[in-house]
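Undergrad: Attaching a single structure in structure tokens format; questions to follow.
The values are calculated or read from the model by the stated rules, or taken from the named source; none is laboratory data. Keep in mind that this is a model prediction, so the values were computed, not measured. Quick reminder, even Gly has a Cβ in these numbers, built from the backbone with ideal geometry, and neighbours come from all protein chains shown.
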Amino acid sequence: MMDLSQCPSSPNCVSSQTRSAWQSIPPIAFDGCPERAWKQWCQLIETHPLVIQLVQEERNLHAVFRTRWFRFRDDLHSLLCEEEGVIHVRSASRLGYWDMNANRRRVEDLRHQFQSAPST
């Protein structure tokens, strides 16, 4: 399995694969078919109104979000891990030091939407 890049030392990044406790966030868990879960996750990201760029590979997704207020660009990387039954995530700001927890909120909002959506 591939790994996501580690977060920098700044507080504007969260990751489900980080070694840093204060930047850690749980991966996106799913039940059932990994391919179906991955398709559902990718569709959720693809249709998000703040996504301005998307690159999808077989088990890897990179989306660029534009923030609502200052229109900064943030990167969300997702990685399907079939063996663990999770999608690992890393969300980070490209600029600045502090993001006022925007990346953590983004991942938690996406988690909620993903887990609330009916399975496809």
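Undergrad: Of all residues in region 86-107, which are surrounded by 15 or more Cβ atoms within 10 Å (Cβ to Cβ) and not β-branched (Val, Ile, Thr)?
TA: 88, 90, 91, 92, 93, 99, 102, 103, 104, 106
Undergrad: Next question. Search region 1-51 for residues being assigned to a strand (DSSP E or B) and within 11 Å of the chain's Cα centre (by Cα), and hand back the single one that is farthest from residue 103 (Cα to Cα). Walk me through it before giving the result.
TA: Just the residues of region 1-51 that are assigned to a strand (DSSP E or B), to begin with: 13-15, 24, 28-29, 51.
Next, from what is left, pick out any that are within 11 Å of the chain's Cα centre (by Cα): 13-15, 28.
On the way: 13: 6, 14: 7, 15: 10, 28: 15 Å.
Looking at residues that are assigned to a strand (DSSP E or B) and within 11 Å of the chain's Cα centre (by Cα), I get 28.
Undergrad: Name the pairs: first residue in region 77-95 and of a type in the set (Asp, Glu), second residue at pLDDT 95 or above, Cβ to Cβ under 7 Å, at least 6 apart or on different chains?
TA: Close Cβ pairs satisfying both conditions: 82/34.
Undergrad: Please enumerate the residues belonging to region 1-57 that are over 21 Å from residue 93 (Cβ atoms), modelled with pLDDT under 95 and aliphatic (A, V, I, L, M).
TA: Scanning region 1-57 gives 1, 2.
Undergrad: If you check 59, 36, which single one turns out to be among the basic types (Lys, Arg) and either without any contact (Cβ under 8 Å) to a residue 40 or more places away in the chain or surrounded by 14 or more Cβ atoms within 10 Å (Cβ to Cβ) (or both)?
TA: Numbers: 36 fails: either without any contact (Cβ under 8 Å) to a residue 40 or more places away in the chain or surrounded by 14 or more Cβ atoms within 10 Å (Cβ to Cβ) (or both).
Only one candidate passes the filter, namely 59.
Undergrad: Now for a different question. So in region 108-120, with the set limited to residues that are touching a helix residue (DSSP H, G or I) at 6+ places or on another chain (Cβ under 8 Å) and small (Gly, Ala, Ser), which one is surrounded by the most Cβ atoms within 10 Å (Cβ to Cβ)? Write out each step before concluding.
TA: Step one: list which residues in region 108-120 are touching a helix residue (DSSP H, G or I) at 6+ places or on another chain (Cβ under 8 Å), which gives 110, 113-114, 117, 119-120.
Remaining after also requiring small (Gly, Ala, Ser): 117, 119.
Working: 117: 12, 119: 10.
Of everything passing the filter in region 108-120, 117 is surrounded by the most Cβ atoms within 10 Å (Cβ to Cβ).
Undergrad: Which of the residues spanning region 74-99 are touching a Phe, Trp or Tyr at 6+ places or on another chain (Cβ under 7 Å), assigned to a strand (DSSP E or B) and either of a type in the set (Asp, Glu) or farther than 17 Å from residue 27 by Cβ (or both)?
TA: Within region 74-99, 74, 93 meet the criteria.
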